[in-house]
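Some notes on the structure that comes next.
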Amino acid sequence: MLILQRKKGESLTINDNITVTIMDSGTDWVKLAIDAPKEIPVLRSELKEAADENKKASAEVPQTVLNEILKKN
């Protein structure tokens, strides 16, 4: 893990196509601006974890149950 120190208004670049800029900060928070290509998803970690859990749960549902749900719609 790389740990960097940046001040408000300073940026860092990742792989020549992603820029992260420090917009503001407080004692226990930081506001970031992330400039990345549209095809690169940028998610908060809690949303990524929830999406992964949903994907795992949906894989455990039998195909017959999914077919029944689709028939009702």
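The values are calculated or read from the model by the stated rules, or taken from the named source; none is laboratory data. What you see is a predicted model, and the numbers here were worked out from it, not measured in a lab. All Cβ positions, even for glycine, are placed from backbone atoms using ideal geometry, and neighbour counts span all protein chains on display. Protein only, heavy atoms only, side chains kept; ligands, DNA and RNA dropped before computing areas. Shrake-Rupley method; radii C 1.70, N 1.55, O 1.52, S 1.80 Å.
A few points about this structure:
- The value of relative contact order for the chain, using C-alpha pairs under 8 Å at least six residues apart, is 17 percent.
- Cα-projected label distance for D24 with V42, points at 7 Å along beta-carbon direction, nm: 1.7
- The chain: trypsin sites (Lys or Arg not before Pro) in DSSP loop, at most 15 other beta carbons within 10 Å: R6, K7, K8, K38, R44
- Overall, the accessible surface of the chain at a probe of 1.4 angstrom is composed of carbon and sulfur to the extent of 54 percent.
- Nearest 10 degrees, 0 to 90: helix 45-59 Cα axis against the chain principal axis: 20
- Taken over the chain, lysine pairs spaced eight or more positions apart, or on distinct chains, with alpha carbons under 26 Å apart number 12.
- Residue-averaged [θ]222 nm for the chain, counting only DSSP H segments that reach four residues, each worth -39500 (n - 2.57): -10500 deg cm²/dmol
- Computed from the Cα positions only, the extents of the chain along the three principal axes stand at 55, 29, 26 Å, in decreasing order.
- FRET efficiency estimate (nearest 0.05) - Cβ-Cβ, M1 to A59, R0 35 angstrom: 0.70
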